[in-house]
Every structure is written in structure tokens, then in C-alpha cells.
Amino acid sequence: MGYLRNHVSAGDSTIDSRQAQLTLEDLEGDRTDIVNRIAKIEAETDDEGAEDRAERLEDAREELADWDESNGDEYKALKDFCEEGSQYNSDWRRGVPCILESEFADHIKESASELVDVDLNRWPFNCINWDDAAEEMKGDYTEIDFDGYAYYVRTT
């Protein structure tokens, strides 16, 4: 199995959709490699190596079962997350931030600080209720689920 160089996990405070997509592709690649190895072994026709082939086939099928047991739930959750996210944001594959629900108000505050060159911790900006501001902004976002965690993705 390959190393998940782009791994994202449900519960991360912010997920870049590009990284989620790459993690999904890594998982798909690992599983596909095992499935292809099984198919290649099954296609072998050398009668002299039948016993060896049967052993290799059994090993490969066990590896696939182990992969499914270890990674199947994560794979399904990530696939559902990526499919749903790509329905709501056309830039999904290029990378969009997915913000954990509990971090959304902080994200809105950070976004505001990027728009204006002021210290948001000074008056009058420190009087803004960022939770209320985040609630107002939710109209521009879609909530999607990633394995029981709610994330907000800007709708395009």
C-alpha cells in the first residue's frame, strides 16, 4: 500500500478540497493496485504454477479484505465528502477551503481581516459579534458532512 502523502481526516479544522481529492485518489490507487494484481493472477494460465498461483491469489484476496477493513469506511466517507463538495463548488478540484463548523466564525473573522487593512481587535471592530456575522454568511455556504463532522464550503 502507498503512503498517503496528502492525507486529510474528518475533524481537521480546515480541509483544502484539493488535498481531500488527492487523499481519495491515493486510497483509490492503493485499492486498484490490489484489485489489478488479483486480476493478473487470475488471468495466468501456467498449469505448472497452479499451486503457487492459488497461494498468491489467496494472499492478494486477503490483502484486499484487510485493505477494505482498514480503509473502507474512511474511503467511503471521503468519497461521499468529495462528491458532495464538488456538486456545490465548481472549483473543488482546484482547491477550496472546507471549514469545520466549530471554526466557521473564526474563518469569517480572518476573511474580514484580509478584506480590510485594519486591526480587528481594536474599536469599533472588536465590537463585532463574529458568531452573528458567521450566521449571516452561512447563506453563501453549503454545509456538507464528512464522517459526522459538518463543514462549510462556499457555494459557487
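Tabulated data for the structure shown
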| item | result |
| --- | --- |
| Shape parameters for region 99-143, alpha-carbon atoms, Rg then Dmax in Å | 10.7, 32 |
| Two-site label geometry, Asn36 and Phe125: point separation in nm, points 7 Å out along Cα→Cβ | 5.1 nm |
| Debye log10 I(q)/I(0) for region 34-98, one point scatterer per Cα, at q = 0.29 Å⁻¹ | -1.12 |
| Burial ranking of peptide ranges 61-68, 45-52 (average Cβ count within 10 Å, highest at the top) | 61-68, 45-52 |
| GNM result for the chain, Cα springs below 10 Å: residue of Leu24, Leu115, Leu100 fluctuating most strongly | Leu115 |
| Highest-MSF residue in the chain out of Glu103, Glu58, Glu143 [GNM, Cα springs under 10 Å] | Glu58 |
| Contact order normalised by residue count of region 14-154, Cα under 8 Å, 6+ apart, percent | 32 percent |
| Convex hull per residue volume in Å³, alpha carbons only, for region 14-154 | 120 Å³ |
| Simple label model, 7 Å out from Cα along Cβ direction - Leu64 to Glu143, nm | 3.9 nm |
| Candidate lysines for bridging to Lys40, where Cα separation is under 28 Å - those fewer than 8 sequence places away on the same chain excluded | Lys76, Lys79 |
| Mean ellipticity per residue at 222 nm, deg cm²/dmol - from DSSP H runs of n ≥ 4 across the chain, formula -39500 (n - 2.57) | -19000 deg cm²/dmol |
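Only the coordinates and a few stated rules stand behind these numbers; no lab work does. Please read all numbers here as calculations on a predicted model, not as lab measurements. In this analysis, Cβ positions are derived from the backbone assuming ideal geometry, glycine residues included, and neighbour counts consider all displayed protein chains.
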